[in-house]
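Chemist: Below: one structure in structure tokens.
The values are calculated or read from the model by the stated rules, or taken from the named source; none is laboratory data. On a predicted model such as this, the values are computed, not experimentally measured, just so you know. We place every Cβ from the backbone using ideal geometry, glycine too, and count neighbours over all the protein chains shown.
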């Protein structure tokens, strides 16, 4: 199979030993481990279009920190395409993959909305993330960033317990909004199978990454059937088994996005309000 015709070398004039195009002041601000990210008008919040999306601001933050202009960004689970939009805004090449053609079409349609003239390319491809290595050259990816499907999270009817009681019926209450019925869909898998599949996917991605190139995974733990699932620990274990080295933990502080919250767990169940934060896990490809 012929590899994608897409750029992956830096086009800026930064020093070769710099990992981004930022000033020292901008770098310091970006390295604060607790970050807020805000949705903007271009972001999609309608769960009937896509059940789970992070804001453009989140991938943009790490694209600035971990790449140069002209380099290549990979999103293995591109969804609604926020990573591709961020890469387009910042003059980076990018490619994203999704099992569902409807999400690939959505991603590509969002890219056409920009009026900026760019010399870079952003592509969404309908294929299994296990096949990513067929499309990209080895040592070409400067950053992989994604928010993968959560195991079995969307296979249950929504209860909206974190929303105030009289507001829970928001059109999605008691509905199932899973991504697909495709058996390859990570969102249908239990945690052990999920971790095994992630390991296989990222083992294939590892040789595509430049040495010391970073891999960012945005994920949250799940509370389901009165049990806590440490999903972030499964992700760390899976990527470590794939050959990546765990480097940093960032926290997405979502308190600015949580309004009219319900009384969660009161009066007798001590359950943290998980909607107020998410993990952003950072790995890199170690030098051989």
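Chemist: Give me a count of the residues in segment 78-87 that are part of a helix (DSSP H, G or I) and surrounded by 24 or more Cβ atoms within 10 Å (Cβ to Cβ). Walk me through how you get there before you give the answer.
Modeler: First, the residues of segment 78-87 that are part of a helix (DSSP H, G or I): 82-87.
Those left that are additionally surrounded by 24 or more Cβ atoms within 10 Å (Cβ to Cβ): 82-84, 86-87.
Total satisfying the criteria: 5.
Chemist: Can you spot a residue in segment 222-229 that is over 15 Å from residue 147 (Cβ atoms), touching a residue at least 12 places away in the same chain (Cβ under 8 Å) and crowded, with 17+ Cβ neighbours inside 10 Å?
Modeler: Among the residues of segment 222-229, at least one is over 15 Å from residue 147 (Cβ atoms), touching a residue at least 12 places away in the same chain (Cβ under 8 Å) and crowded, with 17+ Cβ neighbours inside 10 Å, which makes the answer yes.
Chemist: Would you call residue 196 surrounded by fewer than 20 Cβ atoms within 10 Å (Cβ to Cβ), part of a helix (DSSP H, G or I) and at pLDDT 95 or above? It would help to see each step written out before you state the result.
Modeler: Numbers: surrounded by fewer than 20 Cβ atoms within 10 Å (Cβ to Cβ): yes; part of a helix (DSSP H, G or I): yes; at pLDDT 95 or above: yes.
Judged against the criteria, residue 196 is a match.
Chemist: What is the residue count in segment 33-76 for residues that are in a loop (DSSP other than H, G, I, E, B) and either in contact with a helix residue (DSSP H, G or I) (Cβ under 9 Å, 6 or more places away or on another chain) or at pLDDT 95 or above (or both)?
Modeler: Summing the residues that are in a loop (DSSP other than H, G, I, E, B) and either in contact with a helix residue (DSSP H, G or I) (Cβ under 9 Å, 6 or more places away or on another chain) or at pLDDT 95 or above (or both) in segment 33-76 gives 23.
Chemist: Scan (1) touching a strand residue (DSSP E or B) at 6+ places or on another chain (Cβ under 7 Å); (2) crowded, with 17+ Cβ neighbours inside 10 Å; (3) within 22 Å of residue 220 (Cβ to Cβ) for the single condition residue 65 breaks and write down its number.
Modeler: (1)
Chemist: Follow-up question, since we're still on this one. Considering only residues that are within 14 Å of the chain's Cα centre (by Cα) and buried (at least 20 other Cβ atoms within 10 Å of the Cβ), which ones fall in segment 232-262?
Modeler: 235, 250, 252
Chemist: When you look at residue 114, is it part of a loop (DSSP other than H, G, I, E, B) and over 15 Å from residue 146 (Cβ atoms), yes or no?
Modeler: When the stated conditions are applied, residue 114 passes them.
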